[in-house]
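The values are calculated or read from the model by the stated rules, or taken from the named source; none is laboratory data. Note that the structure is a prediction, hence the values are computed from the model and not measured. Cβ: placed from backbone, ideal geometry, glycine included. Neighbour counts: every protein chain shown.
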Amino acid sequence: MMFDLPDTDTLYTALCARDDSYEGRAWVGVTSTGIFCRLTCPARKPLPENCQWFGSVGACIEAGFRPCKRCHPLAPMAKAEPVIDTLLAALEKRPTHRWGEGDILRMGLDASTVRRAFKRHFGMTFLEMARQRRLREGFTTLAKGGPVIEAQLDAGFDSPSAFRTAFAKLLGQSPGTFATNALLRADWIDTPLGPMVAVCDRQSVHLLEFVDRKALPTSLKKLQAAAKGSLGIGRFDINDQLEDELRAFFSGNRAAFNVKLTYHGSPFTQGVWDALRTIPAGETRSYSELARTIGRPQSVRAVARANGANQIALIVPCHRVIGADGSLTGYGGGLWRKQRLIELEHRFKDQSAA
């Protein structure tokens, strides 16, 4: 198992140090109080002999422990840090504001603490997240058929060139170059792990990627070429199904996706993607195991390349492939997301076992 608990001495040391590397991977039940906590809990530390260690929240509850009211182990990990909630609420109220460190200081917050908290939980700083949020406003305006100048103003950009540059950096081309009434349309989807871009036609999903993935602009250009330039901004009815299934996945209510997909890859690559979809949620495979699954045990490198070329994140679960030694290997969406996804999917395995 990738996240087998280490020995009790290691866990107790992590508890005393409030080691956040065990967030979502280990919890402590305190027999003297009957509560369970995150290892980062700020409460006074229990004696070692009063600690029981668990690999899931469900196991803590089944053992009869109640959730701690200080570290809130039942809440999402990011919610345990008040500074995150404070700034996310502020961002929601002022999505087009040009946030800077001065704003953070004026709110009475420490800029370095904010930076570390957001990097730890989201893989990006608050200021980076705020810039993405501004672009989302412009993207939404374009998706509704609004003109570029309106999208620019909605995104809070005074300069048309600055808006075009920021937009092109994200999607690989300026907003004015996207087609109208296109066969393929790009839409913005918000998720607990950050915004994603989905490209769909009327019947299927062609691409689903996190917006900060470096390969996204290149992937979009390839799709545009495949569609002979017919790539636009907007949505079809299938986007509603995709969003509903993503929402159910992140809330822990469904492990599988039924939305129809269209692959863009060689027959070998498509075979690897199909094999990825057979890995149950909550389980992982190594590249060599995946190669044996498709009957090509000598093609481990080719399987790894096909895995990395996946353009439909989450639904084609390339995040479930790890190193032979159990280590987290490369993931286009960021290793922090890969770890979060594997941790999130453990609930499906726990539900299946129950």
Q: Hand me the list of helices (runs of 4 or more DSSP H) wholly inside the range 1-109 holding 3 or more residues that are modelled with pLDDT under 90 and surrounded by fewer than 18 Cβ atoms within 10 Å (Cβ to Cβ).
A: 57-62, 82-93
Q: Look at the range 260-285 and say how many of its residues are part of a loop (DSSP other than H, G, I, E, B) and under 19 Å from the mean Cα position of the chain (by Cα).
A: 7
Q) Listed residues 140, 165, 191; which is at pLDDT below 85, more than 14 Å from residue 216 (Cβ to Cβ) and surrounded by fewer than 19 Cβ atoms within 10 Å (Cβ to Cβ)? A) 140
Q.
Can you list the helices (runs of 4 or more DSSP H) lying wholly within the range 116-178 that have 1 or more residues being of a type in the set (Val, Ile, Thr) and within 23 Å of residue 215 (Cβ to Cβ)?
A. 160-171
Q. Can you pull out the residues in the range 129-145 that are more than 15 Å from residue 171 (Cα to Cα) and in contact with a helix residue (DSSP H, G or I) (Cβ under 8 Å, 6 or more places away or on another chain)?
A. 129, 130, 141
Q) Scanning the range 243-259 for residues that are in contact with a Ser or Thr (Cβ under 8 Å, 6 or more places away or on another chain) and either on the phi > 0 side of the Ramachandran plot or assigned to a helix (DSSP H, G or I) (or both), which turns out surrounded by the most Cβ atoms within 10 Å (Cβ to Cβ)? A) 246
Q: State all residues of the range 335-349 that are among the basic types (Lys, Arg) and within 22 Å of residue 212 (Cα to Cα); if no residue qualifies, say none.
A: 337, 338, 340
